[in-house]
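To start, the structure under review is shown below, and the notes come after it.
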Amino acid sequence: MGSDEISSGGIPRRPGLAGRLVIVTGGASGIGLATARRFVAEGARVVVLDRDEQALAQLPGEVPGVAAAIPCDVSDPQQIERAFAQLDERFGPPGVLIANAGISIRHRFLDITPDEWRRVMAVNLDGVFFCARAAARRMVGAGRGVILVTASTNGVVGHPFYADYNASKAGVILLVRSMALELAPAVRVNAVAPGYVLTPMQRAEYTDEMLDATNAKIPLRRHATPEEVAALFAYLASDEAAYLTGAVIPIDGGELAGGLASHD
Ligand SMILES: NC(=O)c1ccc[n+]([C@@H]2O[C@H](COP(=O)([O-])OP(=O)(O)OC[C@H]3O[C@@H](n4cnc5c(N)ncnc54)[C@H](O)[C@@H]3O)[C@@H](O)[C@H]2O)c1
């Protein structure tokens, strides 16, 4: 295997990623951060869009080799247009978009306020739509591209205390399937549906006791690592996944195989 086929992390590179422009939203933390790292290791030119300016300032230290880190709130279509216009000038059309930015609020359905509902939808559903449309317009013009979206098992089956989040992720799944139909054959569009992933988002809402209790119910008995989700994104973006579009792929330790308490 030649050195151009091996990443600096020693992982064999996935075909078709070296040199590609890869945009990762929400790339300053958790799954997005691990994904940015993975695509840099694949030899891609990686651009992170995130609303957390402090975290973005740390990004070149966290992800050496990242091509650009652009402050952008994905719920604001004007900020997205500005960010993509900046990228057009600096890099040309994107090869891959990973629409990953998302938020969740743990609260009872009966207590969800209109502002909370709108905020969750604005980031998780509107944000994916705005970013995907901006990327797709450029990819269709270029004749190729890949759009990947972070959905969730919460978009597939109901989970208590996250009704707004679940609805937003279910929306994202049908958006992905619809885009896949309209954008084929030039652009492939797929969703990943992680189960429980140990990230700052998850740590913010789960105590150690809650994490232990959840792990005991997951068939593989643990949370995913962000790197495991990043590896799935690398595969789906690569030429090895050339026949995959419109798919929603769970990465959930078996959660959707039969429900969380299925081994009890
Ligand atoms: N952690 C899990 O268990 C889990 C499971 C399934 C799906 N997901 C999904 O994975 C994605 C990433 O989650 P994570 O766990 O890595 O969370 P995280 O909180 O660690 O990271 C999310 C990143 O998105 C950014 N972000 C949030 N709102 C934004 C906005 N409006 N504009 C731009 N950037 C914004 C944050 O600043 C942060 O850097 C989300 O879409 C989440 O819903 C997470």
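What follows is calculated from the coordinates using simple rules that are stated; it is not laboratory data. Remember, predicted model here, so these are calculated numbers, not experimental data. In this analysis, Cβ positions are derived from the backbone assuming ideal geometry, glycine residues included, and neighbour counts consider all displayed protein chains.
Miscellaneous remarks
- Percent RCO, i.e. relative contact order, over the chain, from Cα pairs under 8 Å lying at least 6 residues apart: 19
- Compared with the direct C-alpha span, the chain from residue 184 to residue 18 gains 57.5 nm at full extension, assuming 0.36 nm per residue.
- With the charge dipole of region 3-254 set up from +1 on Lys and Arg Cβ and -1 on Asp and Glu Cβ about the Cα centre, the Cα lying farthest toward the positive end among the listed residues 202, 233, 61 is that of 233.
- Residue of 215, 154, 190 that the Gaussian network model of the chain assigns the largest fluctuation, springs spanning Cα pairs under 10 Å: 215
- Loop-located trypsin sites (Lys or Arg not before Pro) across region 87-122 with a Cβ neighbour count of 12 or fewer within 10 Å are 106, 108, with loop assigned by DSSP.
- Cβ-based net charge around residue 220, under 12 Å, with every Lys or Arg adding one and every Asp or Glu removing one: 0
- Scattering profile of region 178-264 at q = 0.12 Å⁻¹ [log10 I(q)/I(0), Debye over alpha-carbon scatterers]: -0.46
- Kyte-Doolittle at least 0.5, axis length at least 24 Å by Cα - qualifying DSSP helices, the chain: 163-183
- Computed from label points 7 Å out along Cα-Cβ, the spacing between residue 111 and residue 137 is 4.1 nm.
- The chain: calculated mean residue ellipticity at 222 nm from DSSP helix runs of at least 4, using -39500 (n - 2.57): -13000 deg cm²/dmol
- Relative contact order (%) - region 5-87, alpha-carbon pairs under 8 angstrom, separation at least six: 24
- Inter-label distance for residue 213 and residue 257, nm, one decimal - labels placed 7 Å from Cα along Cα-to-Cβ: 2.4
- Largest GNM mean-square fluctuation among 113, 199, 225, using the chain with Cα springs under 10 Å: 113.
- In terms of overall dimensions, the chain has a Cα radius of gyration and Dmax of 17.7, 58 angstrom.
- GNM remark for the chain: springs join alpha carbons under 10 Å apart, and the peak mean-square fluctuation among 57, 191, 122 falls on 57.
- Theoretical gain in end-to-end length, residue 11 to residue 119 [0.36 nm per residue, Cα-Cα removed]: 35.0 nm
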